[in-house]
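Derivation of every value follows stated rules applied to the coordinates shown; laboratory data play no part. Owing to the predicted nature of the structure, the values given are computational and were not obtained by experimental measurement. Cβ: placed from backbone, ideal geometry, glycine included. Neighbour counts: every protein chain shown.
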Amino acid sequence: MLWFLRRHKQNKGLSGGQYYEYELDLDPTIVLEARTEIAEHTV
């Protein structure tokens with residue numbers, strides 16, 4: 001799993017199905033800044 005996400009498995013039974021919900025494990029600003037820095041260095 002990526003270092004900045006948390007994954008929660010959900011099971012709503014036969015009619016609802018199974019799925020995952022994701023949430024940020026860090027401040028969104030930190031994640032966006034890191035993404036911007038990576039993009040700048042790969043261009």
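What does the helix-only formula give at 222 nm for the chain: each DSSP H stretch with n ≥ 4 adding -39500 (n - 2.57), the total divided by the residues, and the result rounded to the nearest 500 deg cm²/dmol?
Numbers: 2 runs with 19 residues, N = 43.
The helix-only estimate for the chain comes to -12500 deg cm²/dmol at 222 nm.
In nm, give the distance between the simple-model label positions of residue 36 and residue 23, each being 7 Å from the Cα along the Cα-to-Cβ direction.
Result for the modelled spin labels: 2.6 nm.
Between 0 and 90 degrees, rounded to the nearest ten: what's the tilt of helix 28-42 against the longest Cα principal axis of the chain?
Once rounded, the angle reads 60 degrees.
Using only Cα atoms, what is the ratio of the radius of gyration of the chain to 2.2 N^0.38 Å? Intermediate values should be presented prior to the final figure.
Details: Rg = 15.3 Å, N = 43, 2.2 N^0.38 = 9.2 Å.
Here the Cα radius of gyration is 1.66 times the empirical estimate.
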